[in-house]
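The values are calculated or read from the model by the stated rules, or taken from the named source; none is laboratory data. The model shown is predicted, which means the values in this text are computed figures rather than measured ones. Cβ placement follows ideal geometry from the backbone for every residue including glycine, while neighbour counts extend to all protein chains displayed.
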Amino acid sequence: MSKQQRAKLVVGNWKMHGRLAANATLLRAIAQGAGELPAAVRVGVCVPSLYLAQTQSLLEGSPVVWGVQDVSAFTHGAYTGEVAAPMVSDFGAMFAIVGHSERRAYHRESAELVAVKTQRALEAGLTPIVCVGETLEEREAGSTEQVVGAQLDEVLEKLSAEEAARLVVAYEPVWAIGTGKSATSEQAQAVHAFLRARLAAKGAADVPLLYGGSVKPDNAEELFRQPDIDGGLIGGASLKDRDFLAICKAAASVAG
Ligand code: PEP
């Protein structure tokens with residue numbers, strides 16, 4: 001399969017949004033819309049962990065998979081407020097986002113902690129979506145590759161090639177998240193090609209590489225057309241069924 005014909009993956013990151021009634025409406029609409037997409041597009045939603053049971057009951061049997069936005073670095077124990085990866089697995093989840101820039105910034109998560117969380121997710125049978133990305137200052141200083149390379153390396157160093165091959169990696173420039181200012185397709189492709197080479201050196205060239213940062217219905221197709229962009233991690237636009245499904249359809253239009 002050539003790079004252009006890779007299957008696409010579109011995953012919503014709801015962040016700390018949602019209430020029971022609104023979730024039900026949104027999940028039903030996404031399940032219905034995803035049912036009309038070709039099999040070359042996979043769709044997922046990462047919800048607040050409190051809503052995993054609701055999400056499982058509404059999505060089970062649909063083509064949409066689900067997950068969470070973080071997991072604990074511990075499997076169990078006296079860690080008040082934490083949610084362990086095996087607990088997440090109990091609810092049929094597929095994905096755990098780890099290392100989102102909001103957690104790195106607001107919860108002071110180090111690259112090392114992100115690597116440990118990745119290991120915990122893998123051990124529990126989850127697919128970690130490892131987020132990497134540079135700040136505006138880092139981009140302007142010309143250190144984008146150094147920053148995202150170091151973030152990815154910290155994770156890869158702790159994994160075997162087989163474990164690395166089970167990852168999804170999301171390139172999310174911090175300056176593009178929630179700002180309405182997406183990276184251009186050229187900027188994103190350049191970083192994705194760099195990350196692909198890094199993963200290939202580890203024996204994990206086929207890891208899906210998602211772009212995240214202000215993806216919207218009107219810029220999704222151009223981004224997803226790039227040879228090393230295998231789909232998107234979608235924040236704000238994943239909270240509106242029409243926008244999210246339009247992004248999924250854009251992925252379908254360029255999927256193999
Ligand atoms: C995100 O939070 O992962 C994200 C990509 O957000 P947004 O799409 O809103 O920029």
**Request:** Looking only at the range 45-83, count how many residues are in a helix (DSSP H, G or I) and not hydroxyl-bearing (S, T, Y).
**Result:** 7
**Fill in**
Output for Cβ contacts, cut-off 9 Å, separation at least six or different chains, first residue outside any helix (DSSP H, G or I) in the range 237-254, second more than 14 Å from the ligand (Cβ to nearest atom), reads K240/L26
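Return the residue satisfying two criteria in turn: it lies in the range 196-226 and is in a helix (DSSP H, G or I) and within 16 Å of the ligand (Cβ to nearest atom), and of such residues it is surrounded by the fewest Cβ atoms within 10 Å (Cβ to Cβ).
Top of the filtered list is D218.
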**Item:** Count - residues of the range 219-256 that are more than 18 Å from the chain's Cα centre (by Cα) and of a type in the set (V, I, T)
**Value:** 1
**Asked** For S110, are the conditions met, namely being surrounded by fewer than 19 Cβ atoms within 10 Å (Cβ to Cβ) and at pLDDT 95 or above?
**Response** yes
**Request:** Grab the helices (runs of 4 or more DSSP H) fully contained in the range 84-163, keeping just those with 3 or more residues being within 24 Å of V10 (Cα to Cα).
**Result:** 85-89, 101-106, 111-123, 144-156
**Request:** Give the residue, chosen from K181, K240, that is at pLDDT below 95, within 14 Å of the ligand (Cβ to nearest atom), of a type in the set (K, R) and surrounded by fewer than 22 Cβ atoms within 10 Å (Cβ to Cβ).
**Result:** K181
